[in-house]
Amino acid sequence: MIIYCRSKVAGRLQMHERILRNFVKQVLLSEEIVTVYRGKEAKLYDATFDKDGKLISAAPHVTSAADDELVSRIQFTTAVPPAAIYNLIASMGPLKNPQNPDGTGLQQVAYNPQNVVSTIESLTKANPEFEESLRWRPANEQGRGEATLKLAFKFSDAKEPDFVSADGEVRLSVKYFGDGTTSVRSGVGGGSIATFISEFGKILGIRNFGKTYSGADLRTDLNMISNPAQKLDIIKKCTSTLDKMKVDLAKAHGAQGIFGHDSSGIYYISPEDAPTKLSVKSIRESGSRVEFYGPHLPSHYTTMERVLEEAARVP
């Protein structure tokens with residue numbers, strides 16, 4: 001396909017070189033930054049591919065000192081190669097500037113948890129590649145989505161919680177709940193979780209929860225209680241303890257709450273909302289960790305809260 005435009009030369013059609021170059025670049029060719037590894041050494045290249053994915057050309061990619069510093073810090077949070085991070089930064093175009101008039105630039109100042117959520121929503125709507133970063137594979141114990149927050153906002157290198165703003169005023173755990181059915185685990189020994197798990201065990205007369213204690217196990221233990229009044233008292237105490245446990249999960253490592261995201265969107269879960277937004281799947285590793293779901297879990301999934309509600313309705 002060739003693009004022509006009318007020339008000032010009477011009666012002649014002349015190919016417009018600028019339009020043709022743009023057409024080839026935007027439709028027939030794609031450009032991206034790629035990482036090439038030689039042993040442990042990684043180098044970046046600007047690569048051009050045709051529509052079938054065949055490499056046409058490549059040249060060393062020239063980076064800025066500011067981008068290099070940001071990428072080196074982001075790399076600790078994600079398993080994607082450096083080129084993916086550089087590509088995302090480049091794809092932001094005018095949104096790369098933190099002083100962007102609409103407030104959707106990279107490396108902004110985080111003011112509060114609600115501001116973090118609204119800014120990430122704006123950025124994901126403005127750029128599909130930025131939205132994809134929420135699902136980048138995390139590195140080590142980092143949360144999926146941690147890199148996204150650290151691209152969007154100036155941040156501290158503090159290890160816990162997952163995101164700490166540069167001034168330390170905003171502190172958030174980052175949790176990814178998949179399609180709503182993905183559970184996540186608390187850190188080992190985080191906050192007062194072990195204390196609440198121990199309290200939960202004492203209510204039920206359990207000294208050791210073993211490798212995994214699930215909602216199904218809780219149902220079995222409740223069904224063994226024959227005295228209705230005693231059973232109702234235990235249900236109330238278990239519910240209260242789970243609520244306190246979930247508040248603690250939202251405040252783990254000094255966090256102000258959870259930046260949560262799943263296939264339905266992103267949201268902030270405050271410690272005050274945690275009892276109704278989170279639900280416990282199981283107690284893990286001999287009572288040292290809790291596995292829990294986010295707010296969009298389908299109704300047919302078993303949780304400890306649902307087992308307790310079911311038991312309370314049974315005479």
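Exactly which chymotrypsin sites (Phe, Trp or Tyr not before Pro) in the stretch 224-315 are in a DSSP loop and have at most 15 other Cβ atoms within 10 Å?
Details: sites: Phe259, Tyr267, Tyr268, Phe292, Tyr293, Tyr301; in loops: Tyr301.
Sites meeting the loop and neighbour criteria: Tyr301.
May I ask you to list the aspartates and glutamates whose Cα is less than 20 Å away from that of Lys54, ignoring any residue fewer than eight positions away on the same chain?
The qualifying aspartates and glutamates are Glu31, Glu32, Asp46.
For a test of understanding, tell me how many lysine pairs in the stretch 186-313 have Cα atoms under 17 Å apart, given they are 8 or more places apart or on different chains.
Qualifying lysine pairs in the stretch 186-313: 13.
Report relative contact order for the stretch 80-148 in percent, whole number only (criteria: Cα-Cα under 8 Å, sequence separation at least 6). Before the final figure, lay out each step's value.
On the way: 56 pairs, mean separation 15.6, N = 69.
Worked out over the stretch 80-148, it gives 23 percent.
Quick check on the stretch 67-176: take the gyration tensor over C-alpha atoms, sort the square-rooted eigenvalues as a ≥ b ≥ c, and tell me if it's rounded (a/c under 1.5), prolate or oblate.
Values: a/c = 1.43, a/b = 1.06, b/c = 1.35.
It comes out rounded by the Cα gyration axes.
Taking square-rooted eigenvalues a ≥ b ≥ c of the alpha carbon gyration tensor, is the stretch 200-315 rounded, prolate or oblate, where a/c under 1.5 means rounded and, failing that, a/b exceeding b/c means prolate? Don't jump to the answer; show the numbers that get you there.
Values: a/c = 1.94, a/b = 1.63, b/c = 1.19.
Prolate shape, in that a/c is at least 1.5 and a/b is the bigger ratio.
Hand me the trypsin sites (Lys or Arg not before Pro) from the stretch 151-234 located in a DSSP loop with no more than 16 other Cβ atoms within 10 Å, in residue order please.
On the way: sites: Lys154, Lys159, Arg171, Lys175, Arg185, Lys202, Arg207, Lys211, Arg219, Lys231; in loops: Lys154, Lys159, Arg207, Lys211.
Sparse-neighbourhood loop trypsin sites (Lys or Arg not before Pro): Lys154, Lys159, Arg207, Lys211.
Can you list residues from other chains, or at least 5 along the same chain, whose modelled amide H is less than 5 Å from the amide H of Phe155?
Hits under the 5 Å cutoff: Ala166.
Taken together, the values in this text are just the output of simple stated rules run on the coordinates, not laboratory data. All values derive from a computational prediction rather than experimental measurement. Glycine also receives a Cβ, built like all others from the backbone with ideal geometry; neighbour counts cover every protein chain displayed.
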